[in-house]
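Trainee: Here it is, the structure, as structure tokens.
The values are calculated or read from the model by the stated rules, or taken from the named source; none is laboratory data. Bear in mind the structure is a predicted one, so any value in this text is a computation, not a measurement. Counting neighbours? That spans all protein chains shown, and the Cβs are built from the backbone with ideal geometry, glycine included.
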Amino acid sequence: MTRMSLNCPMPQMNYDIITLGHGSGGLLTNRLLDQMIFDLFSNPILDERHDGAVIQANGPIAFSTDSFVVSPIFFPGGNIGDLAVNGTVNDVAMCGAIPQYISLSFIIEEGLKMTEFWEILLSIKHTCDAAGVQVVTGDTKVVDKGKGDKIFINTTGIGAMHPKANIHIQNVQSGDKIIVSGHVASHGMAIMSVREGLSFETEIESDTAYLNHTIKTLLDEFGTDIHLLRDPTRGGVSTVLTEIAKVRSLGVEIIENNIPILKQVNAACELLGLDPLYVANEGLFVAIVSNDQAESFLHRLRQLEFGEHAAMIGEVVSDHPGQVLLKSAIGGRRVLNMLVGDQLPRIC
């Protein structure tokens, strides 16, 4: 079979090779997506630039796929198995859909212990049952020892749209409030604490969790007052908010003192010189909610699973369009941008 030739020159890039920074979820990732992926494959659905896609199939559905390459594969609070299910379930839920089915594909390195693989499978089964999704298809490949990193997992999720959902970045408007569903930076620092051998009075655990049940309840009760949902995984909260500000040409202002973060997570960030707003999360979402319903939304979220520590951290404004400003604990202000380079490699 001859290879099809495409008369399409490669865009001029600043790098000759793919670097780890291109997978960080920050500035390099966005440049790679903007200049190569989004431009080459542009269509109205992809151009929404969401983690999932809403498509029509006897009614709207959401569809999302993701690959998981976390190292180490077992970490405090979870492992690569439940992480893979939660990540894809959450991507579908962020579209305003109810996840129903997932695919499950493994790339396994020769030499992985059978007991470890079984533990991962059990974790996947438990998480699917709890989230209410079914594995309906998949694939398994094995590569030579030294050609992988124990195990990589790809999951694809699909689900019907919630009838009251209207999740769209163009719905975001000045005056909307910004709410996070819980403590920030826990997942990334759980991974780093294992890698760096850090110990604290209380062990740092990943926040990996399925958020679809919580999202469904909120959509049931608040519907179209929920303008946008995002899960701030790679690149963290700062990168998500910067993307929203730039796409909508609006400003964002957040208050540092309002951002929920565990004491030991904050200490780990300070010790390693990391900004928690750029650290990955796996059981957290950011909601942009209409001003009229924001307080009621926050109150309800705090009553739901995984929402006990939710907080209102800021608002969307018409000033300084395209920029995110942080009001610091000491009263100053600084501009937040997308993550540049690679802050935490292999965290999901």
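Trainee: Could you tell me which of the residues V286, V247, V316 is out of contact with any Pro (no Cβ under 6 Å at 6 or more places or on another chain) and crowded, with 16+ Cβ neighbours inside 10 Å?
Mentor: Details: V286 fails: out of contact with any Pro (no Cβ under 6 Å at 6 or more places or on another chain); V247 fails: crowded, with 16+ Cβ neighbours inside 10 Å.
The conditions single out V316.
Trainee: Here is a further query. If you take the residues of the range 31-63 that are without any contact (Cβ under 8 Å) to a residue 40 or more places away in the chain and assigned to a strand (DSSP E or B), which of them is nearest to the chain's Cα centre (by Cα)?
Mentor: Among residues in the range 31-63 that are without any contact (Cβ under 8 Å) to a residue 40 or more places away in the chain and assigned to a strand (DSSP E or B), the one nearest to the chain's Cα centre (by Cα) is I55.
Trainee: Restricting to the range 91-128, name every residue that is among the polar types (S, T, N, Q) and either in contact with a Gly (Cβ under 8 Å, 6 or more places away or on another chain) or assigned by TED's automatic domain parsing to the domain that holds D220 (or both). Spell out how you get there, then give the answer.
Mentor: Filtering the range 91-128 for residues among the polar types (S, T, N, Q) gives 100, 103, 105, 115, 123, 127.
Of everything in the range 91-128, those that are among the polar types (S, T, N, Q) and either in contact with a Gly (Cβ under 8 Å, 6 or more places away or on another chain) or assigned by TED's automatic domain parsing to the domain that holds D220 (or both) turn out to be Q100, S103, S105, S123, T127.
Trainee: Scanning for something surrounded by fewer than 20 Cβ atoms within 10 Å (Cβ to Cβ), on the phi > 0 side of the Ramachandran plot and either of a type outside the set (S, T, Y) or touching a residue at least 40 places away in the same chain (Cβ under 8 Å) (or both), does the range 160-177 turn up at least one residue?
Mentor: yes
Trainee: Residues in the range 303-313: is at least one surrounded by fewer than 18 Cβ atoms within 10 Å (Cβ to Cβ), charged (D, E, K, R), modelled with pLDDT of 95 or more and in contact with an Asp or Glu (Cβ under 8 Å, 6 or more places away or on another chain)?
Mentor: So in the range 303-313, the residues surrounded by fewer than 18 Cβ atoms within 10 Å (Cβ to Cβ) come out as 303-305, 308-309.
Keeping just the survivors that are charged (D, E, K, R) gives 305, 308.
Then keep just the ones that are modelled with pLDDT of 95 or more; that gives 305, 308.
Keeping just the survivors that are in contact with an Asp or Glu (Cβ under 8 Å, 6 or more places away or on another chain) gives none.
No, the range 303-313 has no match at all.
Trainee: While we're here: Against the definition (in contact with a Ser or Thr (Cβ under 8 Å, 6 or more places away or on another chain), more than 20 Å from F297 (Cβ to Cβ) and surrounded by fewer than 24 Cβ atoms within 10 Å (Cβ to Cβ)), how does F200 come out, yes or no?
Mentor: On the way: in contact with a Ser or Thr (Cβ under 8 Å, 6 or more places away or on another chain): yes; more than 20 Å from F297 (Cβ to Cβ): yes; surrounded by fewer than 24 Cβ atoms within 10 Å (Cβ to Cβ): yes.
So F200 passes the test.
Trainee: Right, another one. For the range 257-282, which positions are of a type in the set (A, V, I, L, M, F, W, C) and buried (at least 24 other Cβ atoms within 10 Å of the Cβ)? So that I can check it myself, show each step before the final result.
Mentor: First, the residues of the range 257-282 that are of a type in the set (A, V, I, L, M, F, W, C): 259, 261-262, 265, 267-269, 271-272, 274, 277, 279-280.
Selection gives V265, A268, L277, V279, A280.
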